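Everything on this sheet refers to the single structure shown next.
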Amino acid sequence: MTDVTRLSAAELADALAAGEVSSVEATQAHLDRIAAVDGDVHAFLHVSADDALATARDVDARRAAGEQLHALAGVPVAVKDVVVTKGMPTTAGSKILEGWVPPYDATLVERLRAAGLPILGKTNMDEFAMGSSTEHSAFGNTKNPWDLDRIPGGSGGGSAAAVAAFEAPLAIGTDTGGSIRQPGAVTGTVGVKPTYGGVSRYGLIAMASSLDQAGPVTRTVLDAALLHEVIGGHDPHDSTSIPEPLPALVEAARQGAGQDLSGVRVGVVRELTGEGYQPGVQARFDESLELLRGMGAEIVEVSCPSFEYALAAYYLIMPSEASSNLAKFDGMRFGLRVEPAEGPVTAERVMAATRGAGFGDEVKRRIILGTYALSAGYYDAYYGSAQKVRTLIQRDFAASFAQADVLVSPTAPTTAFRFGEKLDDPLAMYLNDVATIPANLAGVPGISVPNGLSDDKLPVGFQILAPAKADDRLYRVGAALEAALEKQWGGPLLAQAPELG
Ligand code: GLN
């Protein structure tokens with residue numbers, strides 16, 4: 001049979017069910033691929049070969065015994081290193097957690113294991129998920145498989161690169177302001193940020209608890225729906241988890257693949273197009289709108305005036321929450337402990353020395369910003385104002401969703417940039433998420449679907465947003481667009497990526 005690492009997760013699942021390949025063979029093929037290309041790509045911080053193969057053997061044995069298995073049983077997955085995994089190192093990309101091995105699994109990891117997905121390892125990321133390029137990882141850069149001199153997006157660059165480089169058919173990311181969708185856009189992969197509360201946050205190392213959401217990173221829209229159904233749904237361990245069942249996501253993806261969008265109103269967000277978007281990004285976006293129209297969708301323009309302030313509000317709310325969430329990394333509880341070079345060894349001085357040595361510059365920048373924004377005398381002016389803007393953004397979404405079933409925009413304003421290009425300019429780095437952040441502030445779901453190549457021959461993403469709890473719409477419209485685009489390209493976009501190794 002063909003190289004199993006090139007199959008989509010759905011195709012691999014079919015091959016496993018048909019007995020054409022075993023899970024041990026499929027898992028080993030991905031481990032071999034990692035061994036062959038990850039020296040260049042550096043998507044993984046930790047490869048858990050023994051753990052993955054043990055799961056694969058177990059699934060193969062249960063299948064041989066005639067047991068009814070989950071549709072994705074035996075299909076390997078990679079997990080972003082911000083998600084805790086029992087017995088497997090978890091660093092969140094930070095020196096401060098180096099060597100820490102969690103004593104429990106996140107709920108989503110429990111669900112992956114229960115469904116029989118072998119876990120290949122943990123993927124690289126910006127430290128504590130702060131960044132848009134993975135250059136803020138304490139453990140080195142992940143490279144974009146399309147061009148090894150360029151960033152794979154962030155913070156979840158490792159998960160996106162692993163999937164784009166055929167090291168894993170599926171991966172888990174987390175998205176606080178765009179960290180699933182923007183890496184998806186710049187690597188030519190699919191990334192979904194579910195509705196806030198749609199996937200349990202239990203066992204995610206929190207950056208900003210009111211914004212964080214875990215979701216699928218895949219090569220096809222159907223694969224994302226399949227993975228989303230494994231990890232999603234109510235969890236009593238997370239008080240913000242949505243109690244109702246998930247909508248029928250896989251069914252919506254299959255329906256969308258039929259390419260009939262009659263009756264679907266697609267709203268183009270005026271504030272998320274035009275100026276500031278690279279011409280090739282804008283051109284691919286406009287072409288895809290025509291494809292949607294051709295499938296029967298009605299295209300309308302909507303306006304969300306408060307989105308102009310989304311980035312500013314995010315960079316007050318997110319650091320405020322992060323400054324509180326990161327207070328627990330004190331040298332006493334987890335990972336690194338550094339004693340002061342001289343003078344007395346008091347608790348306070350150990351904490352200062354540990355945090356000084358263990359956190360990188362971006363993390364320190366945000367802790368200082370957040371602490372300032374929350375401090376007495378400034379709270380109302382900064383954090384309080386940002387929360388008011390957040391309400392206005394939610395109202396803009398509500399008004400727009402009265403006129404359209406989904407909203408669309410380019411996922412990111414540019415294609416992948418070169419290493420170092422934005423590293424010394426935090427504001428330029430922050431601008432990468434200008435189109436993705438509004439969804440996090442409102443808790444609504446979003447998907448990035450590969451949308452072709454820009455003039456620089458690098459991938460571009462098409463973002464689709466839906467109202468809270470209507471994640472199925474992302475999959476219907478996303479699968480329709482994917483099918484129409486692949487017809488033009490003569491296959492998946494990633495088939496056009498250069499060979500690695
Ligand atoms: N790039 C954004 C930030 O730096 C988003 C990060 C994320 O979604 N985790 O905060």
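Normalised by 2.2 N^0.38 Å, with N the number of residues, the alpha-carbon radius of gyration of the range 80-138 equals 1.14.
For the range 81-95, 3J(HN,Hα) computed residue by residue from phi via the Karplus equation (6.51, -1.76, 1.60; θ = phi - 60°) reads 6, 9, 9, 6, 9, 4, x, 10, x, 9, 10, 6, x, 10, 5 Hz, glycine and proline entered as x.
Counting only heavy atoms of the protein chains, get the accessible area per residue of the chain (1.4 Å probe) and round it to a whole Å² value. That works out to 36 Å² per residue. Largest first, the three principal axis extents of the alpha carbons in the chain are 68, 55, 44 Å in whole numbers. Decide, for the range 236-292, between rounded, prolate and oblate: order the square roots of the alpha carbon gyration tensor eigenvalues as a ≥ b ≥ c, take rounded if a/c falls under 1.5, and otherwise choose prolate if a/b is larger than b/c, else oblate. Taking the square roots of the gyration eigenvalues as a ≥ b ≥ c, the range 236-292 is oblate.
May I ask for the longest run of the chain untouched by chymotrypsin sites (Phe, Trp or Tyr not before Pro) that are loop-located per DSSP and have at most 14 neighbouring C-beta atoms (other than their own) within 10 Å? Free of exposed loop sites, the longest segment is 105-377.
Coupling constants for the range 435-443 follow from the phi torsions by the Karplus curve (6.51 cos²θ - 1.76 cosθ + 1.60, θ = phi - 60°), and in residue order they are 8, 9, 4, x, 4, 5, 5, 9, x Hz; glycine and proline get x. Alpha-carbon geometry of the range 70-190: the Rg and the Dmax are 13.5, 39 Å, given in that order.
When the alpha carbon gyration tensor of the range 165-268 is reduced to an equivalent ellipsoid, the three semi-axes, largest first, read 23, 18, 14 Å.
Karplus-derived 3J(HN,Hα) values for the range 188-204, using 6.51 cos²θ - 1.76 cosθ + 1.60 with θ = phi - 60°, are x, 10, 9, x, 10, 9, x, 3, 4, x, x, 10, 4, 9, 5, x, 8 Hz; glycine and proline are entered as x. A cut-off of 5 Å between modelled amide H atoms, ignoring neighbours fewer than 5 places along the same chain, links residue 260 with no other residue. With all protein chains in place and a 1.4 Å probe, the accessible surface of the range 34-120 carries 53 percent carbon and sulfur.
Rg ratio for the range 400-458: its Cα radius of gyration over 2.2 N^0.38 Å, N being its residue count, equals 1.36. Using the alpha carbons alone, the radius of gyration of the range 431-498 stands to its Kirkwood radius in an Rg to Rh ratio of 1.02. Distances between placed amide hydrogens fall under 5 Å for residue 188 paired with no residue 5 or more residues away or on another chain. Note that the range 130-218, at 20 °C in a medium of 1.002 mPa s, gets a Stokes-Einstein diffusion coefficient of 169 µm²/s from its Kirkwood radius over C-alpha pairs.
Convex hull of alpha carbon positions in the range 353-501: directionally averaged projected area 13.4 nm².
A 1.4 Å probe over all protein chains sorts 122, 364, 422 by accessible area into 364, 422, 122, starting with the largest. Measuring max minus min along each principal axis, the C-alpha atoms of the range 38-98 give extents of 46, 26, 19 Å (largest first). Longest span of the chain, sites excluded, free of GluC sites (Glu not before Pro) in DSSP loop with at most 11 other C-beta atoms within 10 Å? So the longest stretch without any such site is 68-274.
Amide H contacts of residue 299 (H built 1.01 Å from N, in plane; Pro and chain starts excluded): 266 sit under 5 Å, all sequence-distant by 5 or more or on other chains. Shape index of the range 267-416: Rg/Rh, with Rg the Cα radius of gyration and Rh the Kirkwood radius from the inverse mean 1/r over Cα pairs, equals 1.17. Cross-link reach is defined here as a Cα-Cα straight distance under 25 Å, omitting same-chain residues fewer than 8 places apart; for residue 80 the lysines meeting it are 95, 122, 143, 193, 328, 364, 422, 469. For residue 36, what is the net charge nearby, where nearby means another residue's Cβ is under 15 Å from its Cβ and Lys, Arg count +1, Asp, Glu -1? Around residue 36, the charge tally is -3.
How much of the pair distance distribution for the range 356-413 lies past 13 Å, counting alpha-carbon pairs only, in percent? Value for the range 356-413 (Cα pairs over 13 Å): 74 percent. The range 49-120 and the range 1-39 have Cα centres lying 16 Å from one another. Looking at the chain, what % of its DSSP beta bridges pair antiparallel, to the nearest 5? For the chain, the DSSP antiparallel bridge percentage is about 65.
Among complete DSSP H helices in the chain, those whose alpha-carbon atoms stretch at least 15 Å along the helix's long axis and whose mean Kyte-Doolittle hydropathy reaches -0.5 are 23-41, 221-231, 279-294, 310-325, 347-358, 361-374, 385-403.
The values are calculated or read from the model by the stated rules, or taken from the named source; none is laboratory data. If you're wondering where the values come from, they're calculated on a predicted model, not measured in any experiment. Note that we place each Cβ from the backbone using ideal geometry, even for glycine, and neighbour counts take in every protein chain shown. For the accessible areas, the whole protein counts, side chains as well, though only heavy atoms, and no ligand, DNA or RNA atoms are used. Shrake-Rupley method; radii C 1.70, N 1.55, O 1.52, S 1.80 Å.
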